[in-house]
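The values are calculated or read from the model by the stated rules, or taken from the named source; none is laboratory data. Bear in mind the structure is a predicted one, so any value in this text is a computation, not a measurement. Cβ coordinates were reconstructed from backbone atoms using ideal geometry, including for glycine residues, and neighbour counts include every protein chain displayed. Side chains included, ligands, DNA and RNA excluded: accessible areas come from the protein's heavy atoms. Shrake-Rupley method; radii C 1.70, N 1.55, O 1.52, S 1.80 Å.
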Amino acid sequence: MYASHFSTANIPYGIASSAAHPGKSPATRIEDTVIFLDELVKHGLLKSLPSEVTQAFSESTLNTLAAIPKNTQKETRQALQKLLKNPKDLPSRSTAPIQDVTMHLPVSIGDFTDFSCSKEHVLNAGEAIMKKRFLPPGFLHFPVGYTGRTSSIIPSGTPVTRPKGQFRDAKGEVIYGATQQLDYELEVGCIVGKPSALGDSIAVNNADEHIFGLVLLNDWSARDIQGLEMMPLGPLNGKSFSTSISPWVVTLDALESFQCPAPAKDLKVVPYLADSKTDNTYSIELKAELLVGDGATTICESQMKTMYWSFRDLLAHQTSNGCNLNTGDLLATGTISGETKTSHGCLLELTKGGEENFKIAGGLHRTFLEDGDSIRISASCGDGVGFGECVGKVLPAR
C-alpha cells in the first residue's frame, strides 16, 4: 500500500524478523521488499563499509548505528542506494516481502519527551477545554513539554487496550472505570543518534548532528482521565498507557531535499534558540484515518512545516539546563494541527471537547474512539520518500 514511499531515495532503517530470518536485525525497505542488512554483510556485499557499520548491522536494535558519525552514515546510505537499485538481484535469504515480515521497535528507548510544537493545536485545545483560545505563558518563549513513559511505547500494529482511570462522570462525580473519551494524537518523533554529556547543552545550530531520523507517532490519550489529573500538574495515566510509533526511521539525509523554513517567531527568542539556518524544518504531508470495519475515513490532513517549534529547537531546549540526551531517546512534536477543521490532529479539537460528533464511512458517527476502531497515521514527502503507516486498533478494557 505504501510501496511508493520507499524508493532508493529513502533508505529507511528498521528492525525486522521473519520465519526464515527469526532473529531481530537491522533492515531497510525498497517498495514492498524488506532487505536484511546482516545477510548482505554475510554475503560480502558491504565490504566497502567501515567495520563499525557492518557490526551494527548484526545487532537487535538500531542504537549502535544511530550513534555512528553522520559522515559515516551518509557513506552507508550511498553504498546501500547503489547496491539496492535492483533488489531482485540480491541473495534470496536477504530479502522478504513486507507481508511476511514482523517489524519491531527500531531502537531501545531510554527517555521520551512529548512537546507541544503546534501553535494551532494549543489554541484549538484551549478553545475545546477552556472555551477560549489562548497560549500558555511559556509557549512563545520555548517549546513546552513533559516527560513520558517509555515502557508503553509500542510498534505500529500493536493493539491498544482501552485504559481505566479516575474521571468525572456526567453528574460530576469522580469515578473509576474505562475511559469514555479515548483519543489519538497525530505526531512526529525524532530519535537521538549522537548523545550529549550531562551538564552540556546542544546548540540549536548543531542539533542535526544529534538526530538520527524521524518516525510517526500516535500519543493515545484518555481525555477524561487527563482532564482530572492535569490540574495543576501534567498528564500521567491519561497518556502513559500506550504510545505507538512507526517501524521505519527516515533519516535526515533522506529528508534533506524537503527542508523548508519554519514559521517566523512572534517574539525574539533567547540566544540558545536563535537558529541561523533558514530551512530548519521539513515539508511533510501528514494524514490520519479512522478505520471501522472495511471503511476508512480521513479525519485529518496537516503539514509538519506549520509547527511553531522545530526538532532543532527541541534538542536545544531539552539540553539547555544541562540535561543529557542518550542514543535512542525519543522527542515528539505533540499534536500537529493546522488552521482548518480538516487539519485538526486529534478528536479533542475536531469535536470541540466532545460537544460535536462527526460522520464516518458507513453513515456512522463518532465523538471519541470506540472499541474496535483503528487509527492509521501516514506521511509522505514526495519523490519516493515517505514513512509508511503507524496503526493501532482499540481493544476493550480488561
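Restricting attention to segment 146-166, which residues are out of contact with any Phe, Trp or Tyr (no Cβ under 8 Å at 6 or more places or on another chain) and either within 29 Å of LEU315 (Cα to Cα) or of a type outside the set (D, E, K, R) (or both)?
TYR146, SER151, ILE154, PRO155, SER156, GLY157, THR158, PRO159
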- prompt: So is LYS393 farther than 22 Å from VAL107 by Cβ and at pLDDT below 95 or not?
  reply: no
query: Restricting to segment 5-50, what's the tally of residues that are closer than 21 Å to LYS70 by Cα and without any contact (Cβ under 8 Å) to a residue 12 or more places away in the chain?
result: 1
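Look through LEU273, LEU286, LEU291 and report the one residue that is surrounded by 15 or more Cβ atoms within 10 Å (Cβ to Cβ), closer than 15 Å to ASN205 by Cα and in contact (Cβ under 8 Å) with a residue 24 or more places away in the chain.
Numbers: LEU286 fails: closer than 15 Å to ASN205 by Cα; LEU291 fails: closer than 15 Å to ASN205 by Cα.
Unique residue meeting the criteria: LEU273.
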query: LEU233 passes all but one of (1) of a type outside the set (Ser, Thr, Tyr); (2) modelled with pLDDT of 95 or more; (3) over 30 Å from HIS104 (Cβ atoms); which number fails?
result: (2)
field: Condition check for SER17: open to solvent by 10 Å² or more (accessible area, probe 1.4 Å), assigned to a strand (DSSP E or B) and not aromatic (Phe, Trp, Tyr)
entry: yes
message: Six or more apart or on different chains, Cβ atoms under 8 Å: show the pairs whose first residue is in segment 82-106 and modelled with pLDDT of 95 or more and surrounded by 13 or more Cβ atoms within 10 Å (Cβ to Cβ) and whose second is charged (D, E, K, R) and not in a helix (DSSP H, G or I).
response: ILE98/ARG29; ILE98/ASP32; HIS104/LYS24
- prompt: When segment 51-63 is examined, which residues are found to be assigned to a helix (DSSP H, G or I) and in contact (Cβ under 8 Å) with a residue 24 or more places away in the chain?
  reply: ALA56, ASN63
- prompt: Residues in segment 235-247: is at least one surrounded by fewer than 24 Cβ atoms within 10 Å (Cβ to Cβ), aromatic (Phe, Trp, Tyr) and closer than 24 Å to ASN10 by Cα?
  reply: no
Extreme residue, surrounded by the most Cβ atoms within 10 Å (Cβ to Cβ), among residues of segment 141-175 that are in contact with a helix residue (DSSP H, G or I) (Cβ under 9 Å, 6 or more places away or on another chain) and closer than 15 Å to GLU187 by Cβ: PRO143
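Go through the residues of segment 195-203 one by one and say whether even a single one is modelled with pLDDT of 95 or more and open to solvent by less than 30 Å² (accessible area, probe 1.4 Å). Steps first, please.
Keep residues of segment 195-203 that are modelled with pLDDT of 95 or more, which gives 195-203.
Now restrict to residues that are open to solvent by less than 30 Å² (accessible area, probe 1.4 Å): 196, 202.
Looking through segment 195-203, at least one residue is modelled with pLDDT of 95 or more and open to solvent by less than 30 Å² (accessible area, probe 1.4 Å).
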